[in-house]
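All of the numbers you see were taken from the coordinates with simple rules; none came from a lab. Every value quoted in this text rests on a predicted model; they were computed, and no experiment measured them. Note that each Cβ is placed from the backbone with ideal geometry, even for glycine, and that neighbours are counted across all protein chains shown.
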Amino acid sequence: MTIQYWLVKQEPEAYAWSDFLRDGRAVWDGVRNYQARNFLRAMRRGDRVLFYASVTTKAVLGIAEVTRAAFADPTAGAGEDWVAVGLRPVLTLPRPVTLAQIKAVPALAQLGLLRQSRLSVMPLQPAEFAAISVLGGA
């Protein structure tokens, strides 16, 4: 199977990249948007994920990997149809990639982060993932 690429957003005050590194893995749960849920459902083990710290930081800080495909979200109520995935951190980018840097790259103009800024999980094209990784020094 071909690796897919994703971006997940998180508020640093709720769960920072440093928390993710400390924990060594995370259940990515609590997503309550139907489009984001469908993206979580499409994630497969081995897919690569950019971790974007939103609100105060506004930068991509690292790369993660999907370790477990979609499963029932443990934070959902009985009968609710929400899912979670397992993630593990792979690499802290040597240089955080800021939102301003992303906006300055014409090849990233169609990035979901710029078009649907409130969406917390979104797919990336391989070239978009590569461009952001290079900006970050990976």
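Relative to the longest principal axis of the Cα atoms of the chain, the long axis of helix 126-135 lies at roughly 60 degrees.
The value of relative contact order for region 5-135, using C-alpha pairs under 8 Å at least six residues apart, is 31 percent. Out of the DSSP beta bridges found with both residues in the chain, what percent are antiparallel (nearest 5)? If we restrict to bridges inside the chain, about 80 percent are antiparallel. Rounded to the nearest 0.05, the FRET efficiency derived from the C-beta distance between SER117 and VAL27 at R0 = 25 Å is 0.50.
Suppose R0 equals 30 Å; then what is the FRET efficiency for PHE71 and THR92 from their Cβ-Cβ distance, rounded to the nearest 0.05?
On the way: r = 27 Å, r/R0 = 0.89.
My answer for the efficiency is 0.65.
Mean residue ellipticity at 222 nm from the helices of the chain, using -39,500 (n - 2.57) per DSSP H segment of n ≥ 4 over the full residue count, to the nearest 500 deg cm²/dmol? Don't skip to the answer; put the middle values down first.
Details: 5 runs with 35 residues, N = 138.
Computed ellipticity for the chain at 222 nm equals -6500 deg cm²/dmol.
What order do you get for PHE129, PHE39, PHE51 when you list them from fewest to most C-beta neighbours inside 10 Å?
Numbers: PHE129 21, PHE39 24, PHE51 27.
Sorted ascending by nearby Cβ count, the order is PHE129, PHE39, PHE51.
Result for the chain in a Gaussian network model with C-alpha springs under 10 Å: among ALA100, ALA36, ALA76, the largest mean-square fluctuation is at ALA100. Take the Cβ atoms of ALA127 and ALA16, set R0 to 22 Å, and the FRET efficiency comes out at 0.20.
As a length-normalised measure over Cα pairs under 8 Å and 6 or more apart, the relative contact order of region 76-138 settles at 43 percent.
Evaluate the relative contact order of region 21-94 (contact order divided by residue number), counting alpha-carbon pairs under 8 angstrom at least 6 apart; express in whole percent. Walk me through the numbers before you get to the answer.
Details: 141 pairs, mean separation 28.4, N = 74.
It rounds to 38 percent for region 21-94.
Label sites at MET1 and GLN35, each approximated as a point 7 angstrom past Cα along Cα to Cβ, lie 2.4 nm apart.
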